[in-house]
Amino acid sequence: MNKNPDETQLFWNRVADDWDQQVGDDGDSNRILNSDPVLWQFAGDVSGATVLDAGCGTGYLSRKLNEKGAHVIGIDFSEEMLRIARSKAARIDFRIDSCSILRTVADKSIDIVISNYVLMDTPDLTETVQAFFRVLKPGGHAVVVFSHPCFPQEYATTTDSDVAVTYQWDFSYFQQQKCIEPPWGHFTSEFIWFHRPLSDYWKAFRETGFEVVDFEEPRISENRYHLAKNQKQLNTSKNRPISVAFKLKKRRQQNTLR
Ligand SMILES: C[S@@+](CC[C@H](N)C(=O)[O-])C[C@H]1O[C@@H](n2cnc3c(N)ncnc32)[C@H](O)[C@@H]1O
């Protein structure tokens with residue numbers, strides 16, 4: 001692992017306890033109401049599969065994968081995140097590693113890579129997608145869920161009912177850039193993430209050699225309405241996407257002509 005942790009690594013170490021409060025043992029409300037059902041649908045039957053939870057954080061998803069019978073490897077570059085993850089599930093194989101290198105994961109050894117709200121947090125999109133591709137077995141899938149770059153929560157102002165919303169931007173949507181935001185949710189310090197247009201993600205997947213087999217903008221389904229804690233949360237989940245979800249496939253045989 002990098003002996004000189006970069007700014008993002010230091011940031012995630014600093015906020016690990018805040019993050020544990022944010023996601024708890026079952027994921028935060030956005031995951032429960034909107035994106036986790038899509039994630040599980042895209043992942044399919046994980047029983048017996050070797051699954052890499054890339055950027056596992058405090059490990060709520062690793063634990064759920066483990067409960068469903070997957071052989072889980074959870075990696076994260078934050079020692080503090082993994083300290084919490086290990087304290088909750090010593091049985092799981094948690095490793096310190098960078099998503100953009102995956103030094104601890106062998107080539108073609110993974111059936112499913114799942115990366116849940118990580119791609120917008122890493123400065124190295126292309127390297128990360130290439131690392132996911134390298135460790136997947138031919139025919140394997142990657143399920144990536146990340147914050148919707150067109151509907152950034154940080155820039156949204158809503159009415160009390162949360163039906164009407166305005167977004168205020170002070171930079172070009174097309175410009176990739178590091179963003180530093182004031183604390184939100186359970187965070188006690190400012191928040192670092194990386195904006196890029198949606199098409200940059202799409203191009204990174206295709207240029208790496210992935211086939212894009214499914215895409216969704218997760219929203220609440222009627223059978224989950226009762227899980228919303230209040231009307232505002234329900235309206236947000238019904239009216240606009242907080243995330244995007246891609247299901248990617250590493251073909252068994254790569255096309256030589258593209
Ligand atoms: C928003 S949290 C999501 C954590 C977890 N996937 C979840 O859904 O609760 C982002 C996580 O990605 C990790 N992360 C960000 N960039 C990373 C990188 N380049 N390599 C490894 N982990 C990274 C952070 O340490 C943090 O734990």
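General observations
- Value of [θ]222 nm, deg cm²/dmol, for the chain, DSSP H segments ≥ 4, -39500 (n - 2.57) each, nearest 500: -8000 deg cm²/dmol
- Computed magnitude of the charge dipole of segment 34-83 (debye, nearest 20; Cβ of K, R +1, Cβ of D, E -1): 120 debye
- Centre-to-centre, using Cα atoms only, segment 96-146 and segment 167-230 are separated by 17 Å.
- Within segment 1-79, the proportion of Cα pairs with more than 15 Å between them is 62 percent.
- The eigenvalues of the Cα gyration tensor, multiplied by 5 and square-rooted, give segment 17-149 an equivalent ellipsoid with semi-axes of 19, 16, 16 Å from largest to smallest.
- Think of segment 118-258 as a dipole: +1 on every Lys or Arg Cβ, -1 on every Asp or Glu Cβ, centred on the Cα centre; then among 194, 225, 246, 246 lies furthest on the positive end.
- Size descriptor, Kirkwood hydrodynamic radius, that averages inverse alpha-carbon separations across segment 108-258, Å: 17.2 Å
- Restricting the calculation to Cα atoms, segment 63-136 yields a radius of gyration followed by a Dmax of 12.2, 32 Å.
- Cβ-Cβ FRET estimate between residue 137 and residue 90, R0 fixed at 25 Å, reported to 0.05: 0.35
- Dimensionless Rg over Rh [the chain; C-alpha; Kirkwood]: 0.94
- Cβ charges +1 (Lys, Arg) and -1 (Asp, Glu), total dipole of segment 121-258, debye: 820 debye
- Net length gained if the chain between residue 7 and residue 83 were fully extended (0.36 nm per residue, minus Cα distance): 25.4 nm
- Rounded to the nearest 20, the Cβ-based charge dipole of segment 1-159 about its Cα centre (Lys and Arg +1, Asp and Glu -1) stands at 520 debye.
- Pairs of lysine residues in the chain - Cα separation under 23 Å, sequence separation of 8 or more or cross-chain: 26
All of the numbers you see were taken from the coordinates with simple rules; none came from a lab. Only a predicted model underlies this, so the values are computations on that prediction, with no experimental measurement involved. No Cβ is skipped: glycine too gets one built from the backbone with ideal geometry, and neighbour counts run over all protein chains shown.
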